[in-house]
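Each remark here refers to the structure printed beneath this line.
The values are calculated or read from the model by the stated rules, or taken from the named source; none is laboratory data. Values in this document were obtained by computation on a predicted structure and should not be read as measured data. A quick note on method: Cβ atoms are made from the backbone with ideal geometry, for glycine too, and the neighbour counts reach across all protein chains shown. Quick note on the areas: whole protein, heavy atoms, side chains included, nothing else; ligands and nucleic acids left out. Shrake-Rupley method; radii C 1.70, N 1.55, O 1.52, S 1.80 Å.
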Amino acid sequence: MIVVTGATGNVGRSLVHVLAAGGERVTATSRSITDADVPEGVRHRTADLTDAESLRSVLDGADALFLQSGGASAHLLNPHEILDVAKAGGVRRVVLLSSQGVATRPQSASHGGTARVIEDAVRGSGMSWTILRPGGFNSNAYAWAEPVRAHRSVAAPFGDVGLPTVDPDDIAEVAAVALREDGHDGRIYELTGPAPSTPRQRAAAIGEALGEPVRFVEQTPEEARAEMLRFMPEAVVETTLAILGDPTGAEQRVSPDVGRVLGRAPRSFADWARRYVAAFR
């Protein structure tokens with residue numbers, strides 16, 4: 001049995017579907033999960049990664065675990081406790097969803113430092129492990145859904161700075177391979193899209209998917225900072241703006257790892273926009 005944490009998130013939800021479609025026994029878990037969140041017949045349980053004991057009954061009898069690094073609550077996780085519970089339940093293989101920031105922003109607690117602590121715990125767990133380090137997600141564009149629906153416009157800073165954002169469905173497919181197949185133990189995969197795209201280009205791709213133009217409005221960094229501070233901690237905002245406006249060469253590099261694992265090129269942002277265009281109608 002494979003346990004998928006974060007099963008209501010962009011990667012976890014897709015991973016559950018991929019595994020279930022492949023005939024795997026899956027348990028999907030998150031803090032708040034319902035029948036509507038999983039395919040028919042998939043077992044689901046409520047659990048909280050910040051409370052390792054809540055995972056004990058979920059992990060009992062499992063042999064593989066997809067572990068997300070916690071997102072905004074990552075600093076509240078005790079990865080050693082989670083991994084101890086997993087081993088006690090019979091888990092032998094862990095696939096960790098980490099962050100590219102471990103390598104590119106190691107001094108930033110929000111983007112690299114905390115995720116590094118979780119990675120180190122996984123590497124030292126005594127279980128087989130694979131670590132996934134994606135860059136920015138295509139699904140971050142969901143933040144534009146409301147203004148696109150309301151007035152067919154997008155506002156963002158650094159309109160012509162490109163990053164190779166990755167399709168969460170590609171991350172899920174890589175995770176499924178690493179969970180089910182041998183040959184990925186001890187590997188760290190950096191996951192990106194096929195080419196850098198700019199915010200201006202991503203807005204245009206959404207417009208093409210809709211069949212209507214989407215206007216791009218370039219924000220100043222100060223305008224973007226003020227907006228982001230309404231829902232993100234200051235340290236996260238500053239590092240995010242640095243990545244968006246002045247990315248390192250490593251953050252702009254296109255990784256071959258999706259292609260190596262899946263045997264096909266990673267999907268483009270335009271492809272993601274076409275598949276999820278309903279969110280913007």
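Descriptive notes on the structure:
- Theoretical ellipticity at 222 nm over the chain - DSSP helices of four or more residues, -39500 (n - 2.57) apiece, nearest 500: -11000 deg cm²/dmol
- The chain: radius of gyration and largest Cα-Cα distance (Dmax), Å: 18.7, 54
- Heavy-atom accessible surface of the chain: percent carbon and sulfur, 1.4 Å: 49
- Solvent-accessible surface of the range 97-240, averaged per residue with a 1.4 angstrom probe and all protein chains in place: 43 square angstrom.
- Computed FRET value (nearest 0.05) for ARG187 with THR220, which takes r as the C-beta separation and R₀ as 35 Å: 0.25
- Working ranking of peptides 78-84, 191-197, 208-214 by packing, defined as the average number of other Cβ atoms within 10 Å per residue, highest first, is 191-197, 78-84, 208-214.
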